[in-house]
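Right, one structure below, let's go through it.
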Amino acid sequence: MRELIRPVVVAPMAGGPSTPALVDAAGAAGATGFLAAGYKTPQAVEDELRAVGGAYGLNIFVPGPPPGDVDAVVRYRELLQPEAARYGVELPALRLTDDDHFAAKVELAIAYAVPLVSFTFGVPDRAVVSALRQAGSRVLITVTSAGEARRGVAAGADALIAQGGPAGGHSATTSPATFVGDTTTLDVLAAVKSEVPVVAAGGVAGAADVERLLAAGAIAVQCGTAFLLADEAGTRPAQRDFMTAGRATGTVVTRAFTGQPARALRNRFTDTYTAAAPIGYPAVHHLTAPIRAAAAQAADADGINLWAGTGFRSARSGTTAALVARLMPGSQS
């Protein structure tokens, strides 16, 4: 594992930021980069797998059950109608189930013998883990609690990713009703330590944070927010502008965009809808998709999901190589 997972891991960031160029640049700089399969078609994932090489990873979403409270999702759809009118789009009919082409993406990982395959939103079946390992992959499962960690180890994971509450983007929690993002990464790391290696993720602002987590027992530290402004990242221009112009004032854990708790920079959308948003991934994700697409097209950062962790103020523009160097243990940057 240690020959594949370098001290700094560039996190998979679904929705655009993770690109083959970012992954390859991370590898060249001495880090480990991950592609993000989430939201993509199998063909798009395969195109990206063909474009990368070396020690890299692929992250896959584990499908979950449909929303438990469909009526809450229906009410949320009605609440979003003014947003649809604002951006001139139609809200889609409810789409309560969607496995994000899970089986096809696992098959691609097997076919391409992806060196590292990570999962989030749940623990895959042991048969899936076994098939990936037989193909030569090492499997990592993202967890937020001791219980999730035990299930991950039981499924045959080679390593765990301990995701703390400060992490940007979606939480991997399997208990979305109670997740508020108040558990530190050090606390999660301590809670999930087991007989398999653990990568720590969440709230990293600089090399001192990386060193602290490594000293606490992590074999590596996964960072996403630190690379949102990388030259090679596919981060939307509206988010880049929001961050570089100093408009970002803080983060909030919200279900407003997707129905799954996720940490984002506060904007008009999070302020308006966080309190009302139901649990309901991926149904809520599909409901807000046309709104977010139209807002992005209009370069309106107040209508899109600005995923970012609590370390967002330390994010810098520059090459991936320079950003990796700032995070490496011993860096004075």
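The values are calculated or read from the model by the stated rules, or taken from the named source; none is laboratory data. Computed from a predicted model, the values in this text were never measured in an experiment. Positions of Cβ are backbone-derived with ideal geometry, glycine not excepted, and every protein chain shown enters the neighbour counts.
Only a single criterion out of (1) hydrophobic (A, V, I, L, M, F, W, C); (2) in contact with a Gly (Cβ under 8 Å, 6 or more places away or on another chain); (3) crowded, with 23+ Cβ neighbours inside 10 Å; (4) more than 18 Å from residue 225 (Cα to Cα) is not satisfied by residue 256, namely (2). Note on the stretch 229-245: residues that are small (Gly, Ala, Ser) and more than 14 Å from residue 267 (Cβ to Cβ) total 3.
Do we have residue 35 as closer than 20 Å to residue 282 by Cβ, in the same structural domain as residue 288 (by TED's automatic domain parsing) and in contact with a Pro (Cβ under 9 Å, 6 or more places away or on another chain) here?
Working: closer than 20 Å to residue 282 by Cβ: yes; in the same structural domain as residue 288 (by TED's automatic domain parsing): no; in contact with a Pro (Cβ under 9 Å, 6 or more places away or on another chain): yes.
Against the criterion (closer than 20 Å to residue 282 by Cβ, in the same structural domain as residue 288 (by TED's automatic domain parsing) and in contact with a Pro (Cβ under 9 Å, 6 or more places away or on another chain)), residue 35 does not qualify.
One residue alone among 261, 237, 329 is buried (at least 18 other Cβ atoms within 10 Å of the Cβ) and touching a residue at least 24 places away in the same chain (Cβ under 8 Å), and that residue is 261. Considering 271, 300, the condition of being farther than 19 Å from residue 234 by Cβ and among the acidic types (Asp, Glu) is satisfied by 271 alone. Checking each residue in the stretch 72-85 for being part of a helix (DSSP H, G or I), of a type in the set (A, V, I, L, M) and in contact (Cβ under 8 Å) with a residue 12 or more places away in the chain picks out 72, 73, 74, 79, 84. Candidates are the residues of the stretch 250-267 that are under 13 Å from the mean Cα position of the chain (by Cα) and outside any loop (DSSP other than H, G, I, E, B); the one that is nearest to residue 73 (Cα to Cα) is 262.
On the given criteria, is residue 44 assigned to a helix (DSSP H, G or I), closer than 21 Å to residue 290 by Cα and of a type in the set (A, V, I, L, M, F, W, C)? Here the answer is yes, as residue 44 does meet what is asked.
Between a first residue in the stretch 206-221 that is closer than 11 Å to residue 185 by Cα and of a type in the set (Lys, Arg) and a second residue that is part of a loop (DSSP other than H, G, I, E, B) and at pLDDT below 95, which pairs have beta carbons less than 8 Å apart while being 6 or more apart in sequence or on different chains? Every condition considered, no pair remains.
Of all residues in the stretch 282-326, those satisfying the criterion of being more than 15 Å from residue 29 (Cα to Cα), surrounded by 24 or more Cβ atoms within 10 Å (Cβ to Cβ) and of a type in the set (S, T, N, Q) are 288, 305.
Can you spot a residue in the stretch 62-71 that is outside any loop (DSSP other than H, G, I, E, B) and touching a strand residue (DSSP E or B) at 6+ places or on another chain (Cβ under 9 Å)? Taking every residue of the stretch 62-71 in turn, none turns out to be outside any loop (DSSP other than H, G, I, E, B) and touching a strand residue (DSSP E or B) at 6+ places or on another chain (Cβ under 9 Å). The set of residues in the stretch 20-68 being modelled with pLDDT under 95 and on the phi < 0 side of the Ramachandran plot consists of 53, 55, 64, 65, 66, 67, 68.
Is it the case that residue 233 is within 17 Å of the chain's Cα centre (by Cα), assigned to a loop (DSSP other than H, G, I, E, B), modelled with pLDDT of 95 or more and not β-branched (Val, Ile, Thr)?
Judged against the criteria, residue 233 is a match.
Scanning the stretch 292-330 for residues being of a type in the set (A, V, I, L, M), assigned to a loop (DSSP other than H, G, I, E, B) and over 15 Å from residue 210 (Cα atoms) gives a total of 5.
One residue stands out among those in the stretch 36-60 that are of a type in the set (Val, Ile, Thr) and over 9 Å from residue 23 (Cβ atoms): the one that is surrounded by the most Cβ atoms within 10 Å (Cβ to Cβ), which is 60.
Listed conditions (1) within 26 Å of residue 185 (Cβ to Cβ); (2) over 19 Å from the mean Cα position of the chain (by Cα); (3) of a type in the set (A, V, I, L, M) are all met by residue 298, apart from (1).
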